[in-house]
1. Would you mind working out the accessible area per residue for the chain, using a 1.4 Å probe, and quoting it in Å²?
2. Sticking with the crude label model, points 7 Å out along Cα→Cβ, report the distance from THR68 to HIS82 in nm, one decimal please.
3. From the protein chains alone at 1.4 Å, what is the descending order of accessible area for THR96, THR68, largest first?
4. Considering only protein heavy atoms and a probe of 1.4 Å, how much of the accessible area of the chain is carbon and sulfur, as a whole percent?
5. Looking only at chymotrypsin sites (Phe, Trp or Tyr not before Pro) in DSSP loops with at most 13 other Cβ atoms within 10 Å, what is the longest site-free stretch of the chain?
6. Can you give the longest stretch of the chain with no exposed loop site, where a site means GluC sites (Glu not before Pro) in a DSSP loop (not H, G, I, E or B) with at most 12 other C-beta atoms within 10 Å?
7. Can you give the extra length, in nm with one decimal, that the chain gains between ASN36 and LYS9 once fully stretched, where that is 0.36 nm per residue apart less the Cα-Cα distance?
8. Among the DSSP beta bridges whose two residues both lie in the range 24-104, what percent are antiparallel, rounded to the nearest 5?
Amino acid sequence: MPVLECNVKTCLHNEDNCCCKGKILVEGERAAAPCNTCCASFDERTGDTFKNRYETPDMTLAVSCEATSCIYNKKKKCSAEHITISGNRASVAGETECASFTVS
Ligand code: SF4
């Protein structure tokens with residue numbers, strides 16, 4: 001499972017650049033560059049969104065990924081040691097991206 005660093009501070013599940021979701025889905029079936037990917041598990045943090053206090057930040061988590069052209073994609077699972085999800089002002093999932101997406 002990759003060590004995940006997330007810079008998306010506007011996400012409800014982000015805590016100290018870690019994700020509290022336990023597993024995420026990265027989309028980007030036809031991705032050719034990081035900007036063609038996104039974290040589909042993003043939920044915007046707004047003033048009245050309920051924060052599940054049982055969610056705890058994890059350094060490593062399971063990443064399912066649709067970006068099959070990435071060198072780390074093994075049967076739709078991410079095999080990278082470390083990945084970064086970016087998009088620090090995102091208000092929708094499409095404004096996030098897997099910055100670690102790499103093609104050979
Ligand atoms: S590094 Fe590659 S395989 Fe891993 S989540 Fe990002 S795009 Fe998917």
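The values are calculated or read from the model by the stated rules, or taken from the named source; none is laboratory data. These numbers were taken from a predicted model, which means no experiment stands behind them. Cβ sites come from the backbone with ideal geometry, for glycine too, and all protein chains shown count toward neighbours. Surface areas here come from the heavy atoms of the whole protein model, side chains and all, with no ligands, DNA or RNA. Shrake-Rupley method; radii C 1.70, N 1.55, O 1.52, S 1.80 Å.
1. Per-residue accessible area for the chain comes out at 59 Å².
2. With each label placed 7 Å out from Cα toward Cβ, I get 3.0 nm.
3. THR68, THR96
4. 51 percent
5. 55-104
6. Looking at the chain, 30-80 is the longest stretch - no exposed GluC sites (Glu not before Pro) with at most 12 other Cβ atoms within 10 Å.
7. 7.7 nm
8. 70 percent
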